[in-house]
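The values are calculated or read from the model by the stated rules, or taken from the named source; none is laboratory data. As the structure is a computational prediction, the values presented were derived from the model and not from experiment. Counting neighbours? That spans all protein chains shown, and the Cβs are built from the backbone with ideal geometry, glycine included.
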Amino acid sequence: MTYLPGADSDLHLNEGPEITIVQEGELALYAQGKREALRPRTAHWLPEASAHLARNEGKRPAKFWSILLKKCE
C-alpha cells in the first residue's frame, strides 16, 4: 500500500492479528492508547481485535505491507 502525506487508514478493527512492514517513509500507528513510529525495514505485530489507525505524518509517501492473518478452519 502507499499512503501520501496526510493519508490515514481511519480508525478500524481487524478480526485477526496484523503485521505491518514499512518499505519507505514512515507511518504513525495509534493503537492501545499510544503512538508508535513505524520505520523502514521493521515489522510491527498488532494483536487481534486491536482498534488502530495508521497515518502518514511525513512529507513523502509511505509504502508498506499490511498482512492480515486469518485462522483457517
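Mind listing just one residue for me: the one in region 40-53 that is among the hydrophobic types (A, V, I, L, M, F, W, C), closer than 13 Å to L68 by Cβ and under 10 Å from the mean Cα position of the chain (by Cα) and, of those, surrounded by the fewest Cβ atoms within 10 Å (Cβ to Cβ)?
Here is the first cut: in region 40-53, the ones among the hydrophobic types (A, V, I, L, M, F, W, C) are 43, 45-46, 49, 51, 53.
The next check asks that each one be closer than 13 Å to L68 by Cβ; those that pass are 45-46, 49.
Retained after the next criterion (residues that are under 10 Å from the mean Cα position of the chain (by Cα)): 45-46.
On the way: W45: 10, L46: 22.
Once the filter is applied, the top-ranked residue is W45.
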Item to check | Single condition G6 does not satisfy, out of (1) over 12 Å from the mean Cα position of the chain (by Cα); (2) surrounded by fewer than 13 Cβ atoms within 10 Å (Cβ to Cβ); (3) at pLDDT below 95 | outcome: (3)
Next on the checklist: If E36 satisfies all but one of (1) surrounded by 16 or more Cβ atoms within 10 Å (Cβ to Cβ); (2) free of Cβ contacts under 8 Å to residues at least 12 places away in the same chain; (3) of a type in the set (D, E, K, R), what's the number of the condition it fails?
Outcome noted: (1)
